[in-house]
Structures are given as C-alpha cells and as structure tokens.
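Heads up: the structure comes next, in structure tokens.
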Amino acid sequence: SFDPAVKARLIKTFFEVYPVLVGEYNKASIKEVTFFVDTTYKAVAEAGGGRVRFSPGWFKSHPGDIDVVTHEVMHLVQSYPH
C-alpha cells in the first residue's frame, strides 16, 4: 500500500543526489544501495550497510518529505565505522 508516486520520488531523488554526494565527499562510498519499506519500523528512516529503511507510516502522513533520502544516503557516504 506504499504510494507509488512517493516511491518514484524517493528513487528519483536517490539517483539525483547520491552520485553528487559520493563525488563531493567520498568516492569510495558503497556502490549498491537498497531501499526498503519496513511496515514494523516506527521511526522515519535509517541507513547503514548499504541499506536505507523507510517507515511507510511516515510517508503516509508526510508524503512530501523526500529530503529524508538526502539525509539518509549521506550517512552511507560518511561510512561510519561499526
């Protein structure tokens, strides 16, 4: 039941933003990123290990908050150590 228009905007934003962030800040960033919508996740989003997890509830009530993509993928670019 995830809004296909929101899904398309999340993906579009990723492909616009991630290459720029990688080029500017960390060319060694992970090359493969997976987005997934977790119906059990109650926060907004999180990123790590090449994955970005989104809360469908957040996007249902905040469908315009596409900036969350930029925020989360920047965590991947920063490559925090474990």
In terms of Cα to Cα distance under 18 Å, which lysines are near enough to Lys60, apart from those fewer than 8 places away along the same chain?
Lys7, Lys42
Which value, in Å² rounded to 10, gives the accessible area of Glu46 with a 1.4 Å probe and all protein chains present?
80 Å²
State in Å² the accessible area per residue of the chain; use a 1.4 Å probe, count heavy atoms of protein chains only, and round to the nearest integer.
66 Å²
With both partners inside the chain, how many of the DSSP beta bridges are antiparallel, as a percent to the nearest 5?
50 percent
For the chain, radius of gyration divided by Kirkwood radius, i.e. Rg to Rh on alpha-carbons
0.96
Whole-Hz Karplus ³J(HN,Hα) for the range 34-48, in order, using 6.51 cos²θ - 1.76 cosθ + 1.60 and θ = phi - 60°, x for Gly and Pro?
10, 9, 8, 9, 10, 5, 9, 7, 9, 7, 7, 6, 8, 9, x
Taking protein heavy atoms only, a 1.4 Å probe, and rounding to whole percent, the accessible area of the chain owed to carbon and sulfur comes out at 58 percent
For Lys12, give me every one of the aspartates and glutamates with a C-alpha distance below 15 angstrom, ignoring sequence neighbours fewer than eight places off in its own chain.
Asp3, Asp65, Asp67, Glu72
Determine, from the Cβ-Cβ distance of Glu46 and Thr70 and an R0 of 22 Å, the FRET efficiency 1/(1 + (r/R0)^6), rounded to the nearest 0.05.
0.95
What residues qualify as long-range amide H neighbours of Val37, i.e. H under 5 Å apart, gap of 5 or more or another chain, H built at 1.01 Å from N?
Phe54
Trypsin sites (Lys or Arg not before Pro), restricted to the chain: which are DSSP loop and have at most 13 other Cβ atoms within 10 Å?
Lys27, Lys31, Lys42
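The values are calculated or read from the model by the stated rules, or taken from the named source; none is laboratory data. Please read all numbers here as calculations on a predicted model, not as lab measurements. Don't worry about glycine lacking a Cβ; one is built from the backbone with ideal geometry, like all the others, and counts go over all protein chains shown. When the accessible area is computed, the model is the full protein with side chains, heavy atoms only, and any ligands, DNA or RNA have been set aside. Shrake-Rupley method; radii C 1.70, N 1.55, O 1.52, S 1.80 Å.
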